[in-house]
Amino acid sequence: MTDLVIGLTGGIGSGKSTVGQMMEIKGASLIDVDEIGRSVLLPDTRTFEQILNHFGKDILQRDGTVNRKKLGNIVFSNPSELEALEKISHPFINTTLKMLIRNESSPVVVLDMAILVEKPLAYDGSVPLYDRVVVVESLIEERIARLKLRGLTRPEIHDRFISQGSDQERRAIADQIIKNDGSLRDLRDKVDEIWTLVEDWLAGLTSGCIS
Ligand code: ATP
């Protein structure tokens, strides 16, 4: 049974998925919330139908699947379109997460999620599904360089930065911050350090010491 759920977040390209994978090696179960988000686009699902009803068939590629880049450019340049997509996707993500966490056998589950401060995502009603928040931060130039490597243009990177919360907002709700400002080896050392804290959190939660 899972005793501790960690919400792992950070700005786009900060390195949060890398930290998540390192935590998985330490023994956590890793759930990629963004991947669950992407599954709402799969053909023949209810969410796919709802998305088509709202955004129209122009977002489809020749093979009938959603052109994610096209949809991304629509929603990340227009807040009301992003809200419309989230109204369809977030209830599905929350229900799926609740089910996945309930079925987990590992004591620590890490939710790798780009959206945490911005919207009540990974919630059960008004209660977060996570017990602690770990935030990954990285220099903006490093993030831009990583996103360029992924094929995003400057305007696309700009729109995605704007649509996300800031480091300040994330810092305000963080139980722990990981500064990803060195090599991957440095990052692994930091995750090793944080893991000692995770074990303390776990011990506190299971003994009822940490509220
Ligand atoms: P997104 O928000 O788009 O999901 P992310 O925050 O999860 O991005 P990652 O996917 O973890 O970021 O990292 C982006 C890329 O940067 C990956 O290829 C990863 O290997 C690389 N990377 C992350 N941290 C470092 C580092 N300290 N040194 C070198 N490469 C790094």
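The values are calculated or read from the model by the stated rules, or taken from the named source; none is laboratory data. Just so you know, these numbers come straight off a predicted model, no measurement behind them. Cβ placement follows ideal geometry from the backbone for every residue including glycine, while neighbour counts extend to all protein chains displayed. Quick note on the areas: whole protein, heavy atoms, side chains included, nothing else; ligands and nucleic acids left out. Shrake-Rupley method; radii C 1.70, N 1.55, O 1.52, S 1.80 Å.
Counted as qualifying within segment 136-211 are the helices (runs of 4 or more DSSP H) with 3 or more residues that are within 13 Å of the ligand (Cβ to nearest atom) and in contact (Cβ under 8 Å) with a residue 40 or more places away in the chain, namely 140-149, 154-163, 184-207. Scan segment 82-110 for residues that are part of a loop (DSSP other than H, G, I, E, B) and closer than 30 Å to Gly56 by Cα and the total you get is 0.
Specify which of the listed residues (Ile140, Ile178, Ile173, Ile162) is open to solvent by 30 Å² or more (accessible area, probe 1.4 Å), in contact with a strand residue (DSSP E or B) (Cβ under 6 Å, 6 or more places away or on another chain) and on the phi < 0 side of the Ramachandran plot. Checking each option against the conditions leaves just Ile173. Would segment 111-120 turn up any residue that is at pLDDT 95 or above, open to solvent by less than 30 Å² (accessible area, probe 1.4 Å) and not in a loop (DSSP other than H, G, I, E, B)? Looking through segment 111-120, at least one residue is at pLDDT 95 or above, open to solvent by less than 30 Å² (accessible area, probe 1.4 Å) and not in a loop (DSSP other than H, G, I, E, B). Filtering segment 16-30 to residues that are surrounded by fewer than 22 Cβ atoms within 10 Å (Cβ to Cβ) and within 14 Å of the chain's Cα centre (by Cα) leaves Ser17, Thr18, Gln21, Leu30. Scanning segment 134-177 for residues that are of a type in the set (Ser, Thr, Tyr) and under 18 Å from Val19 (Cα atoms) gives a single hit, Ser138.
Among the residues here, Val127 qualifies as loosely packed, with under 15 Cβ neighbours inside 10 Å and within 19 Å of Asp3 (Cβ to Cβ).
For segment 50-70, name all the residues that are open to solvent by 90 Å² or more (accessible area, probe 1.4 Å) and farther than 22 Å from Gly151 by Cβ. If the condition is that a residue be open to solvent by 90 Å² or more (accessible area, probe 1.4 Å) and farther than 22 Å from Gly151 by Cβ, then Asn53, His54, Lys57 are the ones that fit. Within segment 121-135, work out how many residues are over 12 Å from the mean Cα position of the chain (by Cα), within 18 Å of Leu197 (Cα to Cα) and either assigned to a strand (DSSP E or B) or of a type in the set (Lys, Arg) (or both). Looking only at that region, the number is 1.
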